[in-house]
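The values are calculated or read from the model by the stated rules, or taken from the named source; none is laboratory data. None of the values given here were measured: they were computed from a predicted structure. As a convention, Cβ positions derive from the backbone with ideal geometry for all residues, glycine included, and neighbour counts pool all protein chains shown.
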4 protein chains.
Amino acid sequence: MIIELKSTVSANDCATFAEKHKAFHITYEGKNYLITGSGVKEIPTELETNTSEHWVFANDIQLASKRFRSEKREVKIGNVSIGGNTKNTILIGGPCSVESEEQIRSSAELLVGMGLSTLRGGCYKPRTSPYSFQGLGLEGLQLLAKMRTEYGLNVITEARDATHIDEIIEHTDIIQVGAKAMYDQGILRACAKIKKPVLIKRGFGTTLQEFVQAAEFVLAGGNENVILCERGIRTFETGTRFTLDLCGVAWLQEHTNLPIVLDPSHAMGYAYGVNPLARACVAMGIDGLLIEAHPNPKVAKSDASQQLNYEEFKQLQKDLQAVAASVGYKMI
Amino acid sequence: MIIELKSTVSANDCATFAEKHKAFHITYEGKNYLITGSGVKEIPTELETNTSEHWVFANDIQLASKRFRSEKREVKIGNVSIGGNTKNTILIGGPCSVESEEQIRSSAELLVGMGLSTLRGGCYKPRTSPYSFQGLGLEGLQLLAKMRTEYGLNVITEARDATHIDEIIEHTDIIQVGAKAMYDQGILRACAKIKKPVLIKRGFGTTLQEFVQAAEFVLAGGNENVILCERGIRTFETGTRFTLDLCGVAWLQEHTNLPIVLDPSHAMGYAYGVNPLARACVAMGIDGLLIEAHPNPKVAKSDASQQLNYEEFKQLQKDLQAVAASVGYKMI
Amino acid sequence: MIIELKSTVSANDCATFAEKHKAFHITYEGKNYLITGSGVKEIPTELETNTSEHWVFANDIQLASKRFRSEKREVKIGNVSIGGNTKNTILIGGPCSVESEEQIRSSAELLVGMGLSTLRGGCYKPRTSPYSFQGLGLEGLQLLAKMRTEYGLNVITEARDATHIDEIIEHTDIIQVGAKAMYDQGILRACAKIKKPVLIKRGFGTTLQEFVQAAEFVLAGGNENVILCERGIRTFETGTRFTLDLCGVAWLQEHTNLPIVLDPSHAMGYAYGVNPLARACVAMGIDGLLIEAHPNPKVAKSDASQQLNYEEFKQLQKDLQAVAASVGYKMI
Amino acid sequence: MIIELKSTVSANDCATFAEKHKAFHITYEGKNYLITGSGVKEIPTELETNTSEHWVFANDIQLASKRFRSEKREVKIGNVSIGGNTKNTILIGGPCSVESEEQIRSSAELLVGMGLSTLRGGCYKPRTSPYSFQGLGLEGLQLLAKMRTEYGLNVITEARDATHIDEIIEHTDIIQVGAKAMYDQGILRACAKIKKPVLIKRGFGTTLQEFVQAAEFVLAGGNENVILCERGIRTFETGTRFTLDLCGVAWLQEHTNLPIVLDPSHAMGYAYGVNPLARACVAMGIDGLLIEAHPNPKVAKSDASQQLNYEEFKQLQKDLQAVAASVGYKMI
């Protein structure tokens, strides 16, 4: 249950009530809210006279629910915005992994030349094998931060586990919680304490319900800048790497108030499918795309088969601009 | 292996070779072909001098393969065409089940008013429970055929099992092989002997490889008018009815030469998601859509939750026209 | 709803009531029952005075439900029985496909030597590719029937589609409805009209609910001799061919009154796993096993990797006898 | 590739080689090994004369592979052992969550009374909702440690994320890496530096290949005491909570040298299925079981439906002893 407390309730009393009723206490647009589990269906007696509004829920999707806030939340990423009434679809590009200064600089220049604002690149790679390339770690993060300074780009990179979440928070503009780290409460709780945008990827074995509940960890902790990212679920089909769940995207659009970014590159696993799938995503009226592009995909240290080369990436932008316009959106 | 025989080989010899080598024999655009299993990697000695061209395959997707015919096949449905170079996306509409003359006539008139050509409606419903509405059977088929005559529409309905396949073939313009009947060789072999278009739905537990192999049954039997229909696969996600596999569609576009029709209604299971998903499908450059629409979805005898009402269906057509144009296609 | 009619109701009236209320009418142990869809929650007024007992259900698992008949049904297969209070676990063996008289005779002799009663062998193979070995068809059926006569064995083979169901019914002792044919109402309705045992395999993409509903087609049609067979479902895991769903078996044991036979050979896909999996199955207290064994698995025309050789099959019997005894069952 | 260096190679040289060739360096039974990615197929020239034996692999399952060590590894848990030639199946019991001293003491006394050695209990619960009971955390750990001291029991609890892995390592005898934390390199790397047994649960969306690769992180880091735990994967079937993958267990037994513990409680999700499934597991000849038992399951703060009460747990032990004996194993 979400309880909106009257404006006459003091900050002190809010905190006292929260503790007593084992509720989260957040402030949002100047108002105070207590959030309990969805099992609570009636306002506790003591709070009755202090409540101005309340929402009862059938499950633990509460703050993210359209029933609480019917309009889509707007999230600022540096000097651009997505969600809200912006009708913007952000195209985020860059390599799977930061491999060298030369490589990431090449990506940064590509993006600037295309008028794009946000650079992606993995530093702590969540590889399933200890014998694969594990990413440049802090060195990679520093390279990303350098590009940010030199080119005025926003940067986004992925937290693999809680041991380096503080570094990620320090050096990036958007914190990406990876598909394999999505249940990691060490990461989620750290992200809840800041105000930077947090992009949470859906685990490939994760239900929509659990996915949005991960967002609730961040929202209930006080950070309202959460973006959901569908990147493919694991099914019996092995002709493609994963199965991009666009039925799930329709469900998220219907039930939640959070901006949605899609990652067709990881879902497909093959460059040939990225363009048609990205067009499909944009036609749904979504808020952004994460696309992997590499100066020379064949020699990439990770995910070689799915990264676009620069020509393909430029063509993609053009194709997506037409589709976005057909549904009243604008690629940024 | 596909072996194209020289034009000097007599029809008699073709048949003899086919029997001797346990191969299918088809003629396509005036040429004779023998098709063996993909395990055969070398031309049998005796055929060497009679072969003008041949194709070796890694798996049993042979006639449907882009490696055999790189251009997409064109399929005529009455007086319209899809596939080939047409850049047409056909919008097929109608109720889940034919319930009464009044209801199916209402659908027929809706389609005619919207300039559409093809009416769908189930007669033999493949219900999983014996206690659910099982369809009107032959009576439904005759109602469909009546609409065909009166309104000049093409009609499509589903074969549930082999016991009524002859009736279906007689009364419809496109034979639909349902998702649950997709492995039914009684149906597939009957469809192989005719020239009417056959739309094969992917089973919800069926791999892409198996799906296209079902098409091979029809193609190898001599009917080249096969359309593939993705309608959602079964995954762990239960927030939506099925999961529409658009990664799989990208795979089919890359690897096969068959037209592709999508069915977002069954995949989603909820009317609210049909419009955004249909837009996603069309943005991929596909050849058609199957959409369920009902004069009054709430009282429908099957699939009540996923059928659009007529206003929603008309809005859908408008929205899709814009998206289709953005990718160089035309809704018909 | 299941309605047990009073013994005073005439056969004529039973039929009239059934038609009027769109109900199935069956007799079971001398009593008359009407079965409607589970949506019916109250006895129709007119039947009230004619009803001696009734059962209301939340879903369409009715006749198969433990709530209707709490004891497990007993099914006779020739001169042996499973289910009921027999505590018998039947070991059914034989090759994947009947390939030749020599091969199937060898299997028959193996079984007789081991004291087993029931021989399996596929005649109409539901291959997903038209280019694979499709089985010997009627010729295979006749070979099986010959073994039945000569060796006094029960035989079981699979119906692939409705076109040959009459032949199968004529020549076998148990009709196997294959995993790919499980939704085939042409087959199910034919099986409902006879009294021979019907073994229904669960489709690899089929929920437990749908699986048992397929049994309801046969039960509601009047044949009470139905056996359920779990043979592996399709999941994201590809290290094994399918995933044997023993959680599902526990669910079936809890909720249904039907005997359960398991097929670990198809689930695993590799001979090395058949013995440990079969032990697991038997330890659950199940009613039978279908095991593929071949005189020379390496040259088998289908499923070569998963068939046991004869030594392995004999060892399996020994191992299973010990496990069965530990849970109070007996291998027959 | 695994390279066994000659005994004449100094410790210093081992380290130098490892760094130069980006290899892991471990010592095992007094011998030195370098482990590179499986992409390396030939011994680096410089190492040729220093190599006494080497193993080439097709994938990154190397140290865990039966091809490297064909015998099953033995792991000591306090004063008991599993794996190796012990033929022991350990029964680990206890509640889902540590809820109070009274509750966990009751569990400890139950175990001691039944002659069992190892107590489980969750302290940091990886709940998917922020609004659910999150476990007692450090307080729970201290309660477990108290039981260890007072009753001489081994204790096992789960690490949820890397922020508290040091506490877990300090207070428990077996470190459990939970299904949702299985990719967490912060946890895996910490576990690699110690010698305590590490039980890794398979993620519910994790392939067997990835699962064993998680073990490789620990093995390659120098801790050879790794236990694999299958606890159910997520499939389309929702009648049960998850699907216990016993085909996967057969695969692990065939391909890896690690002891295997199974968790039927989480897989099934319902107490009624735990006994038959546990019997199935034991019949496969496995090394242990994790079973949830609670003094009063109905009031449990987590997983209420799947926990056994004490009578059911005692009955389970008896039933399992018979099954274990039938396959030559002993319940401990």
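Go through the stretch A:133-143 and give me each residue that's of a type in the set (A, V, I, L, M) and closer than 20 Å to residue A:299 by Cβ. A:136, A:143, listed by residue number. The sole residue among A:178, A:186 that is in the same structural domain as residue A:119 (by TED's automatic domain parsing), within 30 Å of residue D:204 (Cβ to Cβ) and touching a Pro at 6+ places or on another chain (Cβ under 6 Å) is A:178.
Of the residues making up the stretch C:310-332, just one is assigned to a loop (DSSP other than H, G, I, E, B), under 21 Å from the mean Cα position of the chain (by Cα) and within 14 Å of chain D (Cβ to nearest Cβ), namely C:329. The residues in the stretch D:231-260 that are without any contact (Cβ under 8 Å) to a residue 12 or more places away in the chain, polar (S, T, N, Q) and surrounded by fewer than 23 Cβ atoms within 10 Å (Cβ to Cβ) can be counted, and the count is 1. Against the conditions (1) within 11 Å of chain D (Cβ to nearest Cβ); (2) farther than 27 Å from residue A:134 by Cα; (3) not small (Gly, Ala, Ser), residue A:180 satisfies every one except (2). hydroxyl-bearing (Ser, Thr, Tyr), within 26 Å of residue B:193 (Cα to Cα) and more than 14 Å from every other protein chain (Cβ to nearest Cβ): is that true of residue B:45 in this structure? When the stated conditions are applied, residue B:45 does not pass them. Among the conditions (1) among the β-branched types (Val, Ile, Thr); (2) over 24 Å from residue B:216 (Cβ atoms); (3) surrounded by fewer than 24 Cβ atoms within 10 Å (Cβ to Cβ); (4) more than 16 Å from the chain's Cα centre (by Cα), residue B:80 misses just one, which is (4).
Checked against (1) farther than 30 Å from residue B:271 by Cβ; (2) in contact with a Gly (Cβ under 8 Å, 6 or more places away or on another chain); (3) aliphatic (A, V, I, L, M), residue A:316 meets all criteria but (2).
If you check residue C:237 against the conditions, is it touching a Gly at 6+ places or on another chain (Cβ under 9 Å) and farther than 24 Å from residue B:165 by Cα? Criteria met by residue C:237. Taking strands (runs of 3 or more DSSP E) as the structural unit, those lying wholly within the stretch B:14-89 and holding at least 1 residues that are without any contact (Cβ under 8 Å) to a residue 60 or more places away in the chain and more than 30 Å from residue B:330 (Cβ to Cβ) correspond to B:24-28, B:31-35, B:51-55. If you go through the stretch C:274-309 and pick out every residue that is in a loop (DSSP other than H, G, I, E, B), surrounded by 24 or more Cβ atoms within 10 Å (Cβ to Cβ) and away from chain D (no Cβ under 14 Å), you end up with 2. With respect to the stated conditions, residue D:30 fails to be under 26 Å from residue D:251 (Cα atoms) and either among the hydroxyl-bearing types (Ser, Thr, Tyr) or not assigned by TED's automatic domain parsing to the domain that holds residue D:222 (or both). A count restricted to the stretch A:230-247 and to residues that are in a loop (DSSP other than H, G, I, E, B) and among the acidic types (Asp, Glu) stands at 1.
Take residue A:156 and tell me if it is more than 11 Å from chain D (Cβ to nearest Cβ), closer than 13 Å to residue A:97 by Cα and under 18 Å from the mean Cα position of the chain (by Cα). Spell out the reasoning first.
Working: more than 11 Å from chain D (Cβ to nearest Cβ): yes; closer than 13 Å to residue A:97 by Cα: yes; under 18 Å from the mean Cα position of the chain (by Cα): yes.
Spelling it out, residue A:156 is indeed more than 11 Å from chain D (Cβ to nearest Cβ), closer than 13 Å to residue A:97 by Cα and under 18 Å from the mean Cα position of the chain (by Cα).
Elements of the type helices (runs of 4 or more DSSP H) sitting completely within the stretch D:120-229 and holding at least 3 residues that are surrounded by 24 or more Cβ atoms within 10 Å (Cβ to Cβ) and modelled with pLDDT under 95: there are none.
Of the residues D:322, D:283, D:267, the single one that is out of contact with any Leu (no Cβ under 9 Å at 6 or more places or on another chain), closer than 27 Å to residue C:260 by Cα and touching a residue at least 12 places away in the same chain (Cβ under 8 Å) is D:283.
Please indicate, with yes or no, whether at least one residue in the stretch B:257-269 is aliphatic (A, V, I, L, M), at the interface with another protein chain (Cβ under 9 Å from one of its Cβ atoms) and farther than 30 Å from residue C:165 by Cβ. Yes: one or more hits.
Put simply, of C:21, C:25 the only residue that is within 14 Å of another protein chain (Cβ to nearest Cβ) and either in contact with a Phe, Trp or Tyr (Cβ under 9 Å, 6 or more places away or on another chain) or β-branched (Val, Ile, Thr) (or both) is C:25.
Against the conditions (1) surrounded by fewer than 19 Cβ atoms within 10 Å (Cβ to Cβ); (2) closer than 25 Å to residue C:211 by Cβ; (3) touching a helix residue (DSSP H, G or I) at 6+ places or on another chain (Cβ under 8 Å), where does residue C:64 fall short? Just the number, please. Here residue C:64 meets the rest and fails (1).
Could you say whether any residue in the stretch A:220-228 is within 22 Å of residue B:204 (Cβ to Cβ), over 13 Å from the mean Cα position of the chain (by Cα) and facing another protein chain (nearest Cβ under 7 Å)? Within the stretch A:220-228 (the criterion being within 22 Å of residue B:204 (Cβ to Cβ), over 13 Å from the mean Cα position of the chain (by Cα) and facing another protein chain (nearest Cβ under 7 Å)), the answer is no, since none of the residues qualifies.
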